[in-house]
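J.: Would you mind keeping the following structure in view while I ask a few things?
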Number of protein chains: 2
Amino acid sequence: MADLVYQRVISALQQQINQGKFADLKLPNERVLAEEFNVSRSSVKKALNSLIQRGMIFQKQGAGTFINPLYLKNRPMYNISGDNVGVTDMYQKDGQHPDIQVLGFKVLPAKPEIQEALFLEPGEFVYEIQRLRAFDDQPFMIEDGFVPVKLVPDLTEKMIAGSLYNYLQESRNIFVTRSFLTISADVSNKQDQKLLKLKPVEPVGVMEGIFFTDRGTPIEFSHMRLHYKFMRYNTFTALN
Amino acid sequence: MADLVYQRVISALQQQINQGKFADLKLPNERVLAEEFNVSRSSVKKALNSLIQRGMIFQKQGAGTFINPLYLKNRPMYNISGDNVGVTDMYQKDGQHPDIQVLGFKVLPAKPEIQEALFLEPGEFVYEIQRLRAFDDQPFMIEDGFVPVKLVPDLTEKMIAGSLYNYLQESRNIFVTRSFLTISADVSNKQDQKLLKLKPVEPVGVMEGIFFTDRGTPIEFSHMRLHYKFMRYNTFTALN
DNA sequence: AATTAAAATTGGTACGTTCCTTTTTTAAAA
DNA sequence: TTTTAAAAAAGGAACGTACCAATTTTAATT
């Protein structure tokens, strides 16, 4: 992972920032960094850009490169790392994966909405995968996922009890690296209340969207209903 | 806005994509684009990178540059443009700004939580700005914002009835270009129900976070409670 | 017709140079 | 001491070159 020049610079800077090396929250200028790391200014720029995207630092022309003070205070929130964008990986507690209970697993023709989302022809089949995820007897998410049969013809219930995306990656060399999600809230229904142990007035958070592979193929349409206390989506936005 | 080379390329490509010029969802390769636009490959790369960040296109080494089919289907969702990251600008309906009703406006010492979020010393003062936003008699958001007095000492109730950030930009040359938000859901309380016209079982969406200037100064801590039918946060995530 | 190997295509990485724009610092002037 | 103007510092933009790595296409072979 460290054989690329700019990756090396990223790692080094990340480490230095976390160690508090830049007490005044100001980094050396790009030309100096280039000298220090013995790389070109272009490579420094590429590395810094990556850190900017993550919200760790920001730059101001004429002034310099600065550490985002929010990063230091909210470091846990920034750890949205991991190899893919699956839910299993999004939800971790001290590195522990949640328990998964399979509620349903069947094959059916794609409904129009699903058809469109996954770019399928009329009549094509999808798996419907219903799962409940929990941490220590506290269920927090009902997941209803649809995956085209033709993309993973050999799917079994066993694979589904674990991380589907890990399986795809390790056995099929398919990487799920993109997602398009809509986040909203909704009144809880009877099923939500039962499965997530909610009172009738307590709502659910809803995350709905499409996951797709590094080749741009939509691989899953997922509708997730979360216990409202467990849905916390953090987002860092920078314009310009 | 179009005097920069890569901006010109971005605009041109955006237009061509929206016009459906690339029926097979595949763009010409970088070297060809460079020739077509009479710019260097580096500039093409910079432009394409920007479109990738927005989720419009994606690239695959050895294969080419492709349009994200989701972009074409969800174009409205992608229009998160605008000059800053204020709420006034986030919520628009046919280009119309929402109505703003000022519920409260006062100065008080920052509570510990606010103090920390805005990097203030103990005892420093903040404005508390409470507003209700609506579209055509349908209120959709209760906003509780805190702004350090020292940053905008001359704030008046009149400015608050409009876009605070526009005022800062035009009169003070302060640009609010970054935000760090947490999105969640909550049971609605009495006030929510009254102001947002909600039934007791209907929930609110919650967006809470910090806005800050292009100099990294936190300028507002904001707590927003939204009518659950009006909170739809769209997010495109790409790893690697 | 299917398989395999070579070649071409295409994006990725890395370095370097030149000049511009904004901001900050310094020095001079009032 | 304050104000103002010049200089320095710092990031931004744009171009270009060379080579690498993954993918696709093409041609040759079986």
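The values are calculated or read from the model by the stated rules, or taken from the named source; none is laboratory data. It should be emphasised that the depicted structure is a prediction, and the values quoted were computed from it without experimental measurement. Glycine also receives a Cβ, built like all others from the backbone with ideal geometry; neighbour counts cover every protein chain displayed. Note: areas computed on protein heavy atoms with side chains; ligands, DNA, RNA excluded. Shrake-Rupley method; radii C 1.70, N 1.55, O 1.52, S 1.80 Å.
J.: Given that compact globular proteins tend to follow 2.2 N^0.38 Å, what is the ratio of the alpha-carbon Rg of the range B:5-78 to that value? Each step should come with its number before you reach the end.
T.: On the way: Rg = 11.4 Å, N = 74, 2.2 N^0.38 = 11.3 Å.
For the range B:5-78, the normalised Cα radius of gyration is 1.01.
J.: Return a whole-number percent for the relative contact order of chain A, with Cα pairs under 8 Å and 6 or more residues apart as the contact set. All intermediate terms of the calculation are to be shown ahead of the outcome.
T.: Details: 363 pairs, mean separation 34.3, N = 240.
After rounding, I find 14 percent.
J.: What is the pair-distance distribution P(r) of the protein assembly as shown, computed from all Cα-Cα distances in 20 Å bins starting at 0, with each bin given as a whole percent?
T.: Over the protein assembly as shown, the share of Cα pairs per 20 Å bin runs 20, 55, 25, 0 percent.
J.: Along its three principal axes, how long is the range B:116-183 when you only count alpha carbons? Whole Å, largest extent first please.
T.: Ordered largest first, the range B:116-183 gives principal extents of 40, 29, 22 Å.
J.: When only Cα pairs under 8 Å and 6 or more residues apart are kept, what is the percent relative contact order across the range B:122-193? Don't jump to the answer; show the numbers that get you there.
T.: Values: 50 pairs, mean separation 15.1, N = 72.
Contact order relative to length: 21 percent.
J.: Residues of the range A:198-217 losing 20 Å² or more of accessible area relative to the isolated chain, 1.4 Å probe, heavy atoms only?
T.: Correct list: A:Val201, A:Pro203, A:Ile210, A:Phe212, A:Asp214, A:Arg215, A:Gly216.
J.: Considering only Cα-Cα distances, which of the following residue pairs are longer than 30 Å: B:Lys106/B:Lys190; A:Lys46/B:Lys229; B:Lys60/B:Lys229; A:Lys106/B:Lys60; A:Lys199/B:Lys197; A:Lys197/B:Lys199? Display every interim value, and only then the final one.
T.: Numbers: B:Lys106/B:Lys190 22 Å; A:Lys46/B:Lys229 41 Å; B:Lys60/B:Lys229 38 Å; A:Lys106/B:Lys60 33 Å; A:Lys199/B:Lys197 21 Å; A:Lys197/B:Lys199 21 Å.
Result: A:Lys46/B:Lys229; B:Lys60/B:Lys229; A:Lys106/B:Lys60 exceed 30 Å.
J.: For A:Pro122, what charge total do you get from the other residues with a beta carbon under 15 Å from its beta carbon, if Lys and Arg give +1 and Asp and Glu give -1? Intermediate values should be presented prior to the final figure.
T.: On the way: positive: A:Lys111, A:Lys150; negative: A:Glu113, A:Glu116, A:Glu121, A:Glu124.
The answer is -2.
J.: I would also like to ask the following. With the full set of protein chains in place, find how many percent of the accessible area of the range A:87-227 is carbon and sulfur; take the probe as 1.4 Å. Walk me through the numbers on the way to the answer.
T.: Numbers: 3210 of 6390 Å².
Carbon with sulfur: 50 percent of the solvent-accessible area.
J.: Cut-off under 18 Å on the C-alpha distance; same-chain residues fewer than 8 positions from A:Lys26 excluded. Which aspartates and glutamates are left, in chain and number order?
T.: Cα-Cα hits under 18 Å: A:Glu35, A:Glu36, B:Asp214.
J.: Rounded to a whole number, what % of the accessible area of the range B:5-78 do carbon and sulfur atoms account for, probe 1.4 Å? Walk me through the intermediate numbers first.
T.: On the way: 1910 of 4060 Å².
Carbon and sulfur: 47 percent of the exposed surface of the range B:5-78.
J.: So what is the 222 nm mean residue ellipticity for the protein assembly as shown from helices alone, if each DSSP H run of at least 4 adds -39500 (n - 2.57) and you divide by all residues, rounding to the nearest 500 deg cm²/dmol?
T.: Calculated mean residue ellipticity at 222 nm is -8000 deg cm²/dmol.
J.: What dipole magnitude, in Debye to the nearest 20, does the range A:110-240 give about its Cα centre under +1 on Lys/Arg Cβ and -1 on Asp/Glu Cβ?
T.: Dipole magnitude for the range A:110-240 comes out near 380 debye.
J.: Give me the dipole magnitude in Debye, nearest 20, for the protein assembly as shown about the Cα centre, with unit charges on the beta carbon: positive for Lys and Arg, negative for Asp and Glu. Write out the running numbers ahead of the final one.
T.: Numbers: 56 positive and 54 negative charges, 99 e Å.
Charge dipole, the protein assembly as shown, about its Cα centre: 480 debye, nearest 20.
J.: Could you give the C-alpha radius of gyration of the range B:184-240 expressed as a fraction of 2.2 N^0.38 Å, taking N as the number of residues it contains? Write down the numbers at each step before the final one.
T.: Numbers: Rg = 14.8 Å, N = 57, 2.2 N^0.38 = 10.2 Å.
That ratio works out to 1.45.
J.: Relative to the longest principal Cα axis of chain A, at what angle does helix A:5-18 sit, 0 to 90 degrees, rounded to 10?
T.: 90 degrees
J.: What are the extents of the Cα atoms of chain B along their three principal axes, listed from largest to smallest and rounded to whole Å?
T.: Sorted from largest, the Cα extents of chain B read 60, 41, 32 Å.
J.: Where only protein heavy atoms count, and the probe is 1.4 Å, what is the accessible area per residue for chain A in Å²? Intermediate values should be presented prior to the final figure.
T.: On the way: 12290 Å² over 240 residues.
Solvent-accessible surface per residue comes out at 51 Å².
J.: For the protein assembly as shown, with the dipole built from +1 on Lys and Arg beta-carbon atoms and -1 on Asp and Glu ones, taken about the Cα centre, which of A:Ser222, B:Leu48, B:Leu198 lies farthest toward the positive end?
T.: B:Leu48
J.: When the convex hull of the C-alpha atoms of the range A:87-227 is computed, what volume per residue in Å³ does it have?
T.: Details: hull volume 16.2 nm³, N = 141.
In the range A:87-227, the Cα convex hull volume per residue is 115 Å³.
J.: Run the quick spin-label model on B:Met159 and A:Thr217: label points 7 Å from Cα toward the beta carbon, then report their separation in nm to one decimal.
T.: 5.6 nm
J.: Excluding ligands, DNA and RNA, what is the accessible area buried between chains B and A, summed over both sides, using a 1.4 Å probe, to the nearest 100 Å²?
T.: Values: alone 14500 and 14510 Å², together 24570 Å².
Buried area between the two chains comes out at roughly 4500 Å².
J.: Taking Cα centroids, how far is the range A:90-155 from the range B:183-220 in Å?
T.: 31 Å
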